Amino acid sequence: MKKLCVIGAGTMGAGIAAQAANAGVPVLLLDIVRDAADRNSVAAGAIERLKKAEPAAFMSKAAAKLVEAGNIDDDLGRVAECDWVIEAIVEKIELKHALYEKLESVRRPGTAVSSNTSTIPLERLIEGRSEAFARDFLITHFFNPPRYMRLLEVVAGPKSDPELVARVSDFADRAMGKSVVRAKDTPGFLANRVGTYWLQAAINAAFELGVSVEDADAIGGKPMGVPKTGIFGLVDLVGIDLMPYLKASLTSTLPANDPYQAIAHDHPLILKMIADGYTGRKGKGGFYRINKEAGKVKEAINLNTGEYTKAAKPVSIPSAAQKDLRALISAPGVVGAYAWAVLGPTLAYAAGLIGEASDDILAIDTAMKLGYNWKYGPFELIDRIGGADFVARLQAGGREVPAILTLADGRPFYRVEEGQRQYLGADGAYHAIARPEGVLLLEDIKAASKPLLKTASAALWDIGDGVVALEFTGKMNALDGEVMKLIERAIPLVTEQYKALVVYNEGSNFSAGANLGLAIFAINIAAWGEVEKLVAGGQKAYKALKYAPFPVVSAPFGMALGGGCEICLNADAVQAHAETYIGLVECGVGLIPGWGGCGELMVRAAESPKAPKGPMPPVAKAFETISTATVAKSAANAKEIGYLRPGDGITMNRDRLLADAKARALSMVEGYTPPTPPVFRLPGASGKTALELAVKGFRARGLATPYDEVVADKLATVLTGGDADVVDTVTEEQLLALELREFMTLVRDSRTQARVEHMLTTGKPLRN
Amino acid sequence: MQVYTAPLRDMRFVLNELHQDDGFGGLSVHEEFTQDLTDAVLEEAAKICQDVLLPINLSGDSEGCQYENGVVRTPKGFKEAYDQFVQGGWGGLVMPVEYGGQGLPEAVGKLVEEMICATNVSFSLYPGLTAGAVTALNAYASEELKAAYLPKMISGEWSGTMNLTEPHCGTDLGLLRTKAEPVGDGSYKLTGSKIFISAGEQDLTSNIIHLVLARLPDAPKGVKGISLFLVPKFLPDADGNPGARNGVRASGIEHKMGIKASATCQMQFDDAIGWLVGEPHRGLEAMFTMMNAERVGVGIQGLGIGEAAYQSAVWYAKDRLQGRSLSGAKYPDKAADPIIVHPDVRKNLLTMRAYNEGCRALGAWVARGLDAERHAADPEVRQRAEDFVALMTPVVKALFTDLGHDSASLAVQVYGGHGYIHESGVEQYQRDARIAMIYEGTNGIQALDLVGRKMGAHMGRLLRSFFHPVSAFIEENKGEGPMQKMIEGLEKAFGALQLSTATIAEKGLKDPEEAGAAASDYLRLLGLVGMAYCFAKATKIAGLQLFFGTEDKAFYETKIKTATFFFEKILPQATTHFLAIKAGKGALMAFAEDEF
């Protein structure tokens, strides 16, 4: 796919265009002509909005330049330049038909055409089209926002060319980073079909059982593995006015005997809310609102009276029920009653879709996990309840038992057999979960093997072909002495028996850095020796990785902050997921990078071909980046900032990260020699004065706090080499010693202690 | 014989010399209180304690309080002593100036309290409970209530009590049953029974102001449904003088092991009129304000008794002639040597002395924290002082009362068989000291408070207020010199404390029983390190004084000797507690209940 065209520059179309551009592909974005004088204004306006979108739609400035605005009247002919045309216009079939008719005459044969429809069956979309068009046509249903939601539902018709469908899917997977789930051409496909049922069932149950909004979300959120917004919070987020629309679309297309028809009724209160403009967060408020008059009080609506009152502290969930789904649905009172009223019908509905909407439990589970951010898919949830119990409960409630559950006959939907993860097929037999080529998951390896080494906070796994993976296992993947211990033990093992090491894990973030909770406790009890050991030990372990006689590739994703960033900086190469938010953020908590980050960042700055000559520019660049605690907004942005090298790799699809990192590591094995330690020429006191002046400027403009100035001063001392003179050279070891010394000074400062404590207790930086 | 001379020199030392570098500021927040003034206050306090309170201590114990038909009679001399106490203004010593108090720093007030407790701990409870009630009212009551009650309570004309415990609920206040029904005019009618109410009824004051925990009709279950009420014995009339008798009566008094001159009453509330103090259902919070202040006060009771016990034992050890010194007769002209010549008797005496001086020094530091948390100009200092007081309150309460009781027991030991006889006066100390380990939260509860709430609060921030000064002191004074051995001892004990803290924090997170099993050992370990730190500081100051020359040579030389004794003979206990902590809960929980 060399070039894409997206037609329809609404939220979805524009977002899809941006993600295609993030993949490095030029995109032509077309919309109607609204202004005869400025014929591209609609698409151009959408691009401008994309640039300002929050969260960001583009991963880099370069990506933003790849989207070109056009209009349907003048530029439709240019689809001939494109390999894939994505239609994302309004959900009106006659408009889509008209567009397709025009497209048919201008597109190159073999150019894929897909619709981003969420409601119109493919069968109807291709009515009146040629065989050739139908062959090249499919539905590609993205989720909002397209950059961040990993799900892509692909629906192919009976006439669709399998090879073309595979080509589109492969591009969406590898280049756009989407997890492709195949769905049949049924209403709502998979995620929205289950999701709409779920929301409706949850809302109905709250009205019927008299459960308050707050209680419903407390029960139906986190304990079920659903984002903590819960149900009402989620509806507020997506827009309450969307509900009748979704309902109308599904009730009009689903057969009359579909269980959704029976529950799809309007609630007068909700209709009134929409009519009054209470459409959720985008409107005057929704089920929740922030009452600014009362002093930013969070209020919730009373489902009986429609009145807002201060959001009450929700019902407490028994501790067993917070983790154990069985305990949750059996909990006494409202907790168990509501949980079952939501889960029972919803999971049964999802299970009933096997055969009709999909043949595959994996597809439905993946769709709900990636499309609705459920922690577990419906079948995984049934496993957690226990299939037999679940069926017994359905029967006790007089509900029909879906065929797949009868077929399962109490067996789990997933199991691990001889180290292999398997799922129950629609044929009643277990099948291995086959990962596509180029997808390697640590969770599969962990199910199949035991770690080579393990400490309380890290583990080492054999991932095949002579490569090992270093996994962080502590809470939030926090880094501590136990991680360093594992690194030290891993190095001789890998040297003797393996070829390369990859730093990788499958937590929600790569690592947000050192275990600050542990550190602040050590600081509070004045265990300075322990703190120093933690810093010096980390320096030693990271440098040992850097100079180990085998290649080390770090594979970050999500947040890679502080020490999580530094382990990447000390690796031979980085293979980053596109959604990597990497940065040295130590200054935010009144510290400076202590595990070699200062030197490594200067090395990268000095390597940059754009860097001016002389000792000062790399120092100034590193100072600017570290002192402002800059965090990259993507892997591409990390290259712009200088955390990543130009040659570091970026993987768009999260599931492909480990395989890519492993391949990169293996590619370096042949003839590998460890790097030569850098020798710095640093500007010393005169350079420090220049940096201090800059900080004073920030202070004067109110951009830096008094303590920022103190921290920046310590950072400047390290980066300029302390007492070094320009004529001296500073070794890496000397720089590390300086880093340690200044770090330890800051640790003892009560203002640093206050910053760390504040960060840990509130999650926000203290600007003291 | 009960012997007591207030240790004024040591009190001045801990007040004016020992903690000047603690960052809490000098007494400068109370600038009008010069050292001359505080010296005079301490001297005057010593006089009334020695001359008025001490003589009625043993007699009060013998006679006890008498109950008849709802009336309680305190022992002979108590009413006269109380009047003198009130006339001297001692009740309002540290109380707020705006309601007629004298506003002296707590750092001074706690020393005066020590003297009162040393001479008559039963007596101390009457003004002590009033002080607690004033603290709670001042913090939570409406301006109307404050204006109507505080001046008379602060002057000592009226007294205060706290009514928490009920027959079926002590530590677990969630079980509380006393009811409060709104009358409609802003007042409430209270009905229920309370027990163990110190000074619930007495014949010293013209009115008694009870602070009572009770439940409102709409109250949620448990501790979140408890409100605090002010219930006067006599409802004030239009002029604010005691008027109609309210429906609160003592239905009996307890017959106790000790503090017999303190009336411990059973109280009956029958439609007693009261007023809400603070917000509905938030009574426990208000009560804990009072309780926390009281806990430090109870610790001081332990210290006071410890000092009296020490002095009485020293008197006896010098007076009692029995046997000869192991190294040959010291007083050949007498029939026998005084028992003070014996190493073991000395060890008993010096143990008491070291406990007393250690606790006094530590208590003075905490008292400075009490002042700084209220008055320091810098909010950071206030925060640090608040952290420090919160951390050290359970330590002061439990450590001081444990050691006070140990000292009383050692005094009995020094007296031998005579100590077991009532008239010797020292067995009273042991009986009087025993309650302090129990009330205001047992010492076991204090230890749980320390490891369960204080240790982990704000990611361990409270610990900083203690650990950082100790660590800094060690770093500053390490190395060769006259202090070397002492600093090494402190460093070792401090290291054991650091390690124990980390261990308990880590294990306790996963298993609260581990923290519970370590709690009382940990509290003692922290207390030992706290005292060691104070003794090391005292030694440094004394050393400097002696080096530069001082008129008070004897005091400083003795101080160094006491400190040396503490480091050599007491501080090794730190290792014991460290090892016990390290061993974990296993041996405690291995027992099945039927094996007991």
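The values are calculated or read from the model by the stated rules, or taken from the named source; none is laboratory data. What you see is a predicted model, and the numbers here were worked out from it, not measured in a lab. In this analysis, Cβ positions are derived from the backbone assuming ideal geometry, glycine residues included, and neighbour counts consider all displayed protein chains.
I'd like the full set of residues that are away from every other protein chain (no Cβ under 14 Å) and within 30 Å of B:Val470 (Cα to Cα), limited to region A:719-744. Steps first, please.
To start, the set of residues in region A:719-744 that are away from every other protein chain (no Cβ under 14 Å) comprises A:719-743.
Across region A:719-744, the qualifying residues are A:Leu736, A:Ala737, A:Leu738, A:Glu739, A:Leu740, A:Arg741, A:Glu742, A:Phe743.
Please go through region A:504-529 and give me each residue that is within 14 Å of chain B (Cβ to nearest Cβ) and either acidic (Asp, Glu) or in a loop (DSSP other than H, G, I, E, B) (or both), ordered by number.
A:Asn515, A:Ile525, A:Ala526, A:Ala527 - these are the residues of region A:504-529 that are within 14 Å of chain B (Cβ to nearest Cβ) and either acidic (Asp, Glu) or in a loop (DSSP other than H, G, I, E, B) (or both).
Determine whether A:Tyr430 is over 26 Å from the mean Cα position of the chain (by Cα) and aromatic (Phe, Trp, Tyr).
yes
Do the conditions hold for A:Arg645, that is, is it assigned to a loop (DSSP other than H, G, I, E, B) and either polar (S, T, N, Q) or assigned by TED's automatic domain parsing to the domain that holds A:Phe557 (or both)? Talk me through it step by step, then tell me what you get.
On the way: assigned to a loop (DSSP other than H, G, I, E, B): yes; either polar (S, T, N, Q) or assigned by TED's automatic domain parsing to the domain that holds A:Phe557 (or both): yes.
Here the answer is yes, as A:Arg645 does meet what is asked.
This table checks each residue for (1) in contact (Cβ under 8 Å) with a residue 12 or more places away in the chain; (2) surrounded by 24 or more Cβ atoms within 10 Å (Cβ to Cβ); (3) touching a Leu at 6+ places or on another chain (Cβ under 7 Å).
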{"residue": "A:Gly562", "(1), (2), (3)": "yes, yes, yes"}
{"residue": "A:Leu569", "(1), (2), (3)": "yes, yes, yes"}
{"residue": "A:Val574", "(1), (2), (3)": "yes, yes, yes"}
{"residue": "A:Glu579", "(1), (2), (3)": "yes, no, no"}
{"residue": "A:Glu586", "(1), (2), (3)": "yes, yes, no"}
{"residue": "A:Ile592", "(1), (2), (3)": "yes, yes, yes"}
{"residue": "A:Trp595", "(1), (2), (3)": "yes, yes, no"}
{"residue": "A:Cys598", "(1), (2), (3)": "yes, yes, yes"}
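Could you please give the count of residues in region A:1-46 that are of a type in the set (D, E, K, R) and under 23 Å from A:His141 (Cβ atoms)?
The total comes to 2.
Is region B:514-529 home to any residue that is closer than 17 Å to B:Ala361 by Cβ and within 14 Å of chain A (Cβ to nearest Cβ)?
yes
Evaluate the following for A:Lys475: is it within 14 Å of another protein chain (Cβ to nearest Cβ), within 28 Å of A:Asp749 (Cα to Cα) and either at pLDDT below 95 or surrounded by fewer than 19 Cβ atoms within 10 Å (Cβ to Cβ) (or both)? So that I can check it myself, show each step before the final result.
On the way: within 14 Å of another protein chain (Cβ to nearest Cβ): yes; within 28 Å of A:Asp749 (Cα to Cα): yes; either at pLDDT below 95 or surrounded by fewer than 19 Cβ atoms within 10 Å (Cβ to Cβ) (or both): yes.
Yes.
Working carefully through the options A:Lys298, A:Lys282, find the one that is in a strand (DSSP E or B), farther than 27 Å from A:Arg399 by Cα, free of Cβ contacts under 8 Å to residues at least 60 places away in the same chain and under 29 Å from the mean Cα position of the chain (by Cα).
Exactly one of A:Lys298, A:Lys282 is in a strand (DSSP E or B), farther than 27 Å from A:Arg399 by Cα, free of Cβ contacts under 8 Å to residues at least 60 places away in the same chain and under 29 Å from the mean Cα position of the chain (by Cα), namely A:Lys298.
Starting from residues that are in contact with a Pro (Cβ under 8 Å, 6 or more places away or on another chain) and not in a strand (DSSP E or B), keep the ones in region B:178-218 and report whichever is farthest from B:Ile438 (Cα to Cα).
So, considering only residues that are in contact with a Pro (Cβ under 8 Å, 6 or more places away or on another chain) and not in a strand (DSSP E or B), the one farthest from B:Ile438 (Cα to Cα) is B:Pro217.
Residue check, A:Pro617 against (1) modelled with pLDDT of 95 or more; (2) over 24 Å from the mean Cα position of the chain (by Cα), all met but one. Which one?
Looking at each condition in turn, A:Pro617 falls short on (1).
May I ask you to list pairs of residues, at least six apart or on different chains, whose Cβ atoms are under 9 Å apart, with the first in region B:467-488 being within 14 Å of chain A (Cβ to nearest Cβ) and the second being exposed (fewer than 13 other Cβ atoms within 10 Å of the Cβ) and outside any helix (DSSP H, G or I)?
Pairs that qualify, where the first residue is within 14 Å of chain A (Cβ to nearest Cβ) and the partner is exposed (fewer than 13 other Cβ atoms within 10 Å of the Cβ) and outside any helix (DSSP H, G or I), are B:Pro469/B:Asp21.
So, in region A:715-768, exactly how many residues are over 16 Å from A:Val535 (Cβ atoms) and of a type in the set (Asp, Glu)?
Residues in region A:715-768 being over 16 Å from A:Val535 (Cβ atoms) and of a type in the set (Asp, Glu): 4 in total.
When you check A:Glu81 against the structure, is it of a type in the set (Asp, Glu) and crowded, with 22+ Cβ neighbours inside 10 Å, yes or no?
Taking the combined requirement at face value, the residue does not satisfy it.
Could you pull out the residue among B:Lys561, B:Lys540, B:Lys585 that is free of Cβ contacts under 8 Å to residues at least 12 places away in the same chain and of a type in the set (Lys, Arg)?
Values: B:Lys540 fails: free of Cβ contacts under 8 Å to residues at least 12 places away in the same chain; B:Lys585 fails: free of Cβ contacts under 8 Å to residues at least 12 places away in the same chain.
None of the others qualify; the one that does is B:Lys561.
Here is a list of conditions, (1) surrounded by fewer than 21 Cβ atoms within 10 Å (Cβ to Cβ); (2) under 21 Å from the mean Cα position of the chain (by Cα); (3) hydroxyl-bearing (Ser, Thr, Tyr), and B:Tyr67 meets all of them except one; can you say which number that is?
Condition (2) is where B:Tyr67 drops out.
Report yes if A:Asn40 is buried (at least 24 other Cβ atoms within 10 Å of the Cβ) and of a type outside the set (Asp, Glu), otherwise no.
no
Determine which member of the set A:Glu488, A:Glu482, A:Glu496, A:Glu532 is more than 29 Å from the chain's Cα centre (by Cα) and within 14 Å of chain B (Cβ to nearest Cβ).
Of A:Glu488, A:Glu482, A:Glu496, A:Glu532, the one residue that is more than 29 Å from the chain's Cα centre (by Cα) and within 14 Å of chain B (Cβ to nearest Cβ) is A:Glu532.
Would you check if there is a residue in region B:223-230 being in contact (Cβ under 8 Å) with a residue 24 or more places away in the chain, in a strand (DSSP E or B) and closer than 24 Å to B:Asp83 by Cα?
Initially, region B:223-230 is screened for residues in contact (Cβ under 8 Å) with a residue 24 or more places away in the chain, giving B:223-230.
Then keep just the ones that are in a strand (DSSP E or B); that gives B:226-230.
Okay, now just the ones that are also closer than 24 Å to B:Asp83 by Cα, so none.
The answer is no; no qualifying residue exists.
Among the residues of region B:489-513, which ones are among the small types (Gly, Ala, Ser), without any contact (Cβ under 8 Å) to a residue 60 or more places away in the chain and more than 11 Å from every other protein chain (Cβ to nearest Cβ)?
The answer is B:Gly508, and nothing else.
Would you tally the residues in region B:341-396 being more than 14 Å from chain A (Cβ to nearest Cβ), at pLDDT below 95 and not in a helix (DSSP H, G or I)?
2
Each row is one residue, and each column tells you yes or no for (1) outside any helix (DSSP H, G or I); (2) in contact (Cβ under 8 Å) with a residue 40 or more places away in the chain; (3) under 16 Å from B:Gln301 (Cβ atoms); (4) within 14 Å of another protein chain (Cβ to nearest Cβ).
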{"residue": "B:Leu410", "(1), (2), (3), (4)": "no, yes, no, no"}
{"residue": "B:Gln428", "(1), (2), (3), (4)": "no, yes, yes, no"}
{"residue": "B:Ile438", "(1), (2), (3), (4)": "yes, no, yes, no"}
{"residue": "B:Val451", "(1), (2), (3), (4)": "no, yes, no, yes"}
{"residue": "B:Arg464", "(1), (2), (3), (4)": "no, yes, no, yes"}
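Is it true that some residue in region A:198-207 is touching a residue at least 24 places away in the same chain (Cβ under 8 Å), part of a helix (DSSP H, G or I), under 25 Å from the mean Cα position of the chain (by Cα) and assigned by TED's automatic domain parsing to the domain that holds A:Thr309? Break it down stepwise before answering.
Here is the first cut: in region A:198-207, the ones touching a residue at least 24 places away in the same chain (Cβ under 8 Å) are A:198-207.
From what's left, part of a helix (DSSP H, G or I): A:198-207.
Among the residues that remain, those that are also under 25 Å from the mean Cα position of the chain (by Cα) are: A:198-199.
Within this subset, residues satisfying the condition of being assigned by TED's automatic domain parsing to the domain that holds A:Thr309 are A:198-199.
Checked region A:198-207: at least one residue is touching a residue at least 24 places away in the same chain (Cβ under 8 Å), part of a helix (DSSP H, G or I), under 25 Å from the mean Cα position of the chain (by Cα) and assigned by TED's automatic domain parsing to the domain that holds A:Thr309.
Exactly one of these conditions fails for A:Ile120: (1) surrounded by fewer than 20 Cβ atoms within 10 Å (Cβ to Cβ); (2) in a loop (DSSP other than H, G, I, E, B); (3) touching a residue at least 60 places away in the same chain (Cβ under 8 Å). Give me its number.
For A:Ile120, the exception is condition (3).
Might you check whether a residue that is touching a residue at least 24 places away in the same chain (Cβ under 8 Å) and hydrophobic (A, V, I, L, M, F, W, C) occurs anywhere in region B:322-337?
No, because not a single residue in region B:322-337 is touching a residue at least 24 places away in the same chain (Cβ under 8 Å) and hydrophobic (A, V, I, L, M, F, W, C).
Which of (1) over 14 Å from B:Met287 (Cβ atoms); (2) loosely packed, with under 14 Cβ neighbours inside 10 Å; (3) of a type outside the set (A, V, I, L, M) is the odd one out, the single condition B:Asp203 does not satisfy?
In the conditions (1) over 14 Å from B:Met287 (Cβ atoms); (2) loosely packed, with under 14 Cβ neighbours inside 10 Å; (3) of a type outside the set (A, V, I, L, M), B:Asp203 misses (2) alone.
Hey, could you check region A:227-256 for residues that are more than 14 Å from A:Leu199 (Cα to Cα), free of Cβ contacts under 8 Å to residues at least 12 places away in the same chain and in a helix (DSSP H, G or I) and say which is nearest to the chain's Cα centre (by Cα)?
Top of the filtered list is A:Ala248.
Within region A:407-428, work out how many residues are part of a strand (DSSP E or B), in contact (Cβ under 8 Å) with a residue 24 or more places away in the chain and more than 11 Å from A:Ile361 (Cβ to Cβ).
Matching residues across region A:407-428 total 3.
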